[in-house]
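The values are calculated or read from the model by the stated rules, or taken from the named source; none is laboratory data. Keep in mind the model is a prediction, meaning the values are calculated, not measured. Backbone-built Cβ (ideal geometry, glycine too); neighbour counts: all protein chains shown. In case anyone asks, the SASA skips ligands and DNA or RNA and just uses the protein heavy atoms, side chains included. Shrake-Rupley method; radii C 1.70, N 1.55, O 1.52, S 1.80 Å.
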Amino acid sequence: QVQLVESGGGLVQPGGSLRLSCAVSGTIFSSDIMGWYRQAPGKSRELVATIFTGGTTTYTDSVKDRFTISRDNAKNTVYLQMNSLKPEDTAAYYCKLRRYGRDYWGQGTQVTVSS
C-alpha cells in the first residue's frame, strides 16, 4: 500500500516562501507521475504542478515563475518550493502519486498566507 505524507505547511506573510514535502512510503518508481493540488475553502481542488517521468514539469498559470516542483527519487520525496506567496495561495495542499493508472493521495497540509 502506497502512503503519502505531506509536511511543511504553515502561516507565512505575503511575499514569503515555504517548501512543502511529500514523503512516499516505499520506492518512487521512475514511471510515477507526481502532482501537487490545492483546495481553498468553498472551492474545488485544483492541480498546481506536475512532474513527469524524465523530469518534465507543468504548472497552473497562477503559480508559474513562483512555484517549483521537484522530486528526489533516492529520498522518495517530492517537493513544492513556493516563493512570492500571495493570500490567494491560501489552501490545503495535497500530494498525489499516479502509478499504473491508480491514484494515491496524502492527507494534506495547510498553507495560510496572511499578514
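Below, the figures for the structure above:
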{"quantity": "Options Ala49, Ala40: the member that is within 11 Å of the chain's Cα centre (by Cα) and among the small types (Gly, Ala, Ser)", "calculated": "Ala49"}
{"quantity": "Matching residues, the stretch 32-51, being open to solvent by less than 70 Å² (accessible area, probe 1.4 Å) and not acidic (Asp, Glu)", "calculated": "Ile33, Met34, Gly35, Trp36, Tyr37, Arg38, Gln39, Ala40, Val48, Ala49, Thr50, Ile51"}
{"quantity": "Criterion violated by Ser21 - all others in (1) out of contact with any Phe, Trp or Tyr (no Cβ under 8 Å at 6 or more places or on another chain); (2) modelled with pLDDT of 95 or more satisfied", "calculated": "(1)"}
{"quantity": "Members of the stretch 88-115 found to be open to solvent by less than 70 Å² (accessible area, probe 1.4 Å), within 16 Å of the chain's Cα centre (by Cα) and of a type outside the set (A, V, I, L, M), listed by number", "calculated": "Asp89, Thr90, Tyr93, Tyr94, Cys95, Lys96, Asp103, Tyr104, Gly106, Gly108, Thr109, Thr112"}
{"quantity": "Unmet requirement for Leu97, which otherwise passes all of (1) without any contact (Cβ under 8 Å) to a residue 60 or more places away in the chain; (2) more than 16 Å from Gly8 (Cβ to Cβ)", "calculated": "(1)"}
{"quantity": "Check on Gly55, open to solvent by 60 Å² or more (accessible area, probe 1.4 Å), modelled with pLDDT under 95 and not hydroxyl-bearing (Ser, Thr, Tyr)", "calculated": "no"}
{"quantity": "Subset of the stretch 4-16 [within 18 Å of Phe67 (Cα to Cα) and either open to solvent by 40 Å² or more (accessible area, probe 1.4 Å) or in a strand (DSSP E or B) (or both)]", "calculated": "Glu6, Ser7, Gly10, Leu11, Val12, Gln13, Pro14, Gly15"}
{"quantity": "The lone exception for Thr60 - which of (1) at pLDDT 95 or above; (2) among the hydroxyl-bearing types (Ser, Thr, Tyr); (3) within 12 Å of Ile33 (Cα to Cα) it fails", "calculated": "(3)"}
{"quantity": "Qualifying residue in the stretch 69-87 (condition: open to solvent by 60 Å² or more (accessible area, probe 1.4 Å), at pLDDT 95 or above, over 17 Å from Ser7 (Cα atoms) and among the hydrophobic types (A, V, I, L, M, F, W, C))", "calculated": "no"}
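Quick grid of which residues meet (1) out of contact with any strand residue (DSSP E or B) (no Cβ under 9 Å at 6 or more places or on another chain); (2) closer than 20 Å to Pro87 by Cα:
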{"position": "Arg19", "(1), (2)": "no, yes"}
{"position": "Thr27", "(1), (2)": "yes, no"}
{"position": "Asp32", "(1), (2)": "no, no"}
{"position": "Thr50", "(1), (2)": "no, no"}
{"position": "Gly54", "(1), (2)": "yes, no"}
{"position": "Thr57", "(1), (2)": "no, no"}
{"position": "Asp65", "(1), (2)": "no, yes"}
